[in-house]
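Below is one structure; the comments refer to it alone.
Taken together, the values in this text are just the output of simple stated rules run on the coordinates, not laboratory data. Remember, predicted model here, so these are calculated numbers, not experimental data. Here the Cβ positions follow ideal geometry from the backbone for every residue, glycine too, while neighbour counts run over all protein chains shown.
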Amino acid sequence: MFLANHHDLSLRVTRRHFFGASGGALGAAALGSLLGPLRASGAASSGDSAADYLLPGGAKAKRIIFLFQSGGPSQVDLFDYKPLLNQRHGEQLPDSVRAGQRLTGMSAQQSSIPLAGSPFEFAQHGESGAWLSELLPHHRKIVDELCIVKSMFTEAINHDPAITFFQTGSQIAGRPSLGAWLSYGLGSPNDNLPAFIVLVSAGQQGQPLYARLWGSGFLDSRYQGVQFRAGRDPVLYLSNPDGVCRSGRRAMLDKLGELNRAQFEAELDPEIESRIAQYEMAFRMQTSVPEATDLTAEPDSTFALYGEDARQPGTFAANCLLARRLAERGVPFIQLYHQGWDQHGSLAGEIRKQCAETDQASAALVLDLKQRGLLEDTLVVWGGEFGRTSYSQGLLTPEGFGRDHHPRCFTMWMAGGGVRGGTTYGATDDFGYNIVDAAGAPLQPTKHEFTPGAVHVHDLQATLLHLLGVDHQRLAFKYQGRRFRLTDVHGHVVRELLA
């Protein structure tokens, strides 16, 4: 019985525990010298070492700022110019184009599926000659920094599984999020702020967002994202309650730490160590968070760049500015969510409103990072969970028409952090319905095999990890007898996107 219990406990001892129990300081120092700024991350707990999954060439990016546009922005009204849709406006989508592909329940029963041209003007901009809608005037200033991918595709056709897929690599909830994987694999150079911070635009209507989208899944809880909210207390329960001073909080944590360490020595439960670490991080954040989130010290020129909305806490513009401040302080993964792109009706007015809220700040973030010398090693990503149909959902009226979900092809962009700026990758057919190759021939891409010219969600995730110096096939965690990774058993680095 003793041997069985001893074996059971030994299986729960992580490499960090081993170093701590066997002479401690020397082993920890040796590990620290090997990993440098990465620190000993949780990857060791699954039997991997950092050397197993770090690429020999190193990282091109040190951090990611992901501007997630929840709801699915319409690519044919923003980036993917399709004059044929305007020429054939009101005509039926040809059966040969759809080829029996699945539609959502919202438009599958329509007796008519009329093509809908964009009501917005397009023009080419910059040395790259990229097409941009009139809705994105500020994007013109950064167009030559952008790597625009027009051939994204996904498997999910409804919001919740599609967003979950983008964030975790699985349509089914429960897996670690992208930020959690990076926090687990790379740690953070800043001990006073979380490695993974989430900012959600306040007051937006749209598809619901759940904390599991930035959760740690089956990874240790210390790797989950920390949401910063607008207002006086960005992190809930971080401030001391009335009557409790900082020295009193410190004394309480010291005593609590003693109790937790005693419990850990008895049980060897790694989650107890996480609890201690999170308490200590929260204590340090009492000083670091107010300093990082205080925008009042920013000059008027900064607010002129981001727009006056940046003065209002919780707006997308304020969150973009805050993201730059967090990037300056070494936070490796910053995720912004902006809801409201789910335009099944009244698209013309609604998408105009969304762009007014996001266009200037998105461009300002890229410009601000560049002028501060941060864009070179900061990867900015913009996009949603899928695209919109080139046909109208419901009646085709000038202001009332909308577009349904379209996973077959949609557009995202990236800037900085080792991607090839001033380029457009991939193409769609003249109807904006299917991905095509350089000669215009239809492609049939799948997640199982990389198709040049097409980018699956897992391919994008693999590429993001690659830019951060991580081999997506090796960054894994053994759980319930299987080694899991962000890209599951798929994904390919799209090298044409790399600088």
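Packing-wise, with mean Cβ within 10 Å as the measure, how do 249-256, 371-378 rank, highest first?
In decreasing order of mean packing, 249-256, 371-378 become 371-378, 249-256.
So which lysines can Lys62 reach, going by Cα to Cα under 23 Å and dropping same-chain residues fewer than 8 places off?
Straight-distance partners of Lys62: Lys370.
Could you put Leu193, Leu209 in order, starting from the residue whose Cβ has the fewest other Cβ atoms within 10 Å?
In order of increasing Cβ crowding within 10 Å: Leu209, Leu193.
Using only the alpha carbon atoms of the chain, find the Kirkwood hydrodynamic radius as the inverse mean reciprocal pair distance, in angstroms to one decimal.
Kirkwood radius, the chain: 24.0 Å.
Rg and Dmax in Å for the stretch 243-303, alpha carbons only: what are they?
Computed over the Cα atoms of the stretch 243-303, radius of gyration and Dmax are 17.0, 57 Å.
Using only alpha carbon pairs under 8 Å that are at least six residues apart, calculate the relative contact order of the stretch 41-497 and give it in whole percent.
Reported relative contact order: 29 percent.
What base-10 log of the normalised intensity I(q)/I(0) is obtained for the stretch 288-351 from the Debye formula, alpha carbons as equal point scatterers, at q = 0.29 Å⁻¹?
At q = 0.29 Å⁻¹ the computed log10 ratios are -1.28.
Based on the Cα coordinates of the stretch 223-366, what is the per residue volume of their convex hull in Å³?
Cα-based convex hull of the stretch 223-366, divided per residue, equals 152 Å³.
Cα centroids of the stretch 125-163 and the stretch 207-250: how far apart, whole angstrom?
Measuring centre to centre over Cα atoms gives 32 Å.
Using the alpha-carbon centroid of each, what span in Å lies between the stretch 304-361 and the stretch 451-467?
Between the Cα centre of the stretch 304-361 and that of the stretch 451-467, the gap is 25 Å.
Order by neighbour count: Val455, Val235, Val198, Val489, fewest other Cβ atoms within 10 Å first, most last.
Val489, Val235, Val198, Val455
Given +1 on the Cβ of Lys and Arg, -1 on the Cβ of Asp and Glu, and no further charges, what dipole in debye does the stretch 41-497 carry about its Cα centre, rounded to the nearest 20?
480
Can you tell me the Rg and Dmax of the stretch 333-410, counting just the alpha carbons, in angstroms?
That works out to 15.7, 49 Å for Rg and Dmax.
Would you mind working out the magnitude of the charge dipole of the stretch 383-483 relative to its Cα centre, with +1 at each Lys and Arg C-beta and -1 at each Asp and Glu C-beta, to the nearest 20 Debye?
That gives a dipole near 560 debye.
Neighbour counts of other C-beta atoms within 10 Å: give me Glu267, Glu449 arranged from fewest to most.
Glu449, Glu267
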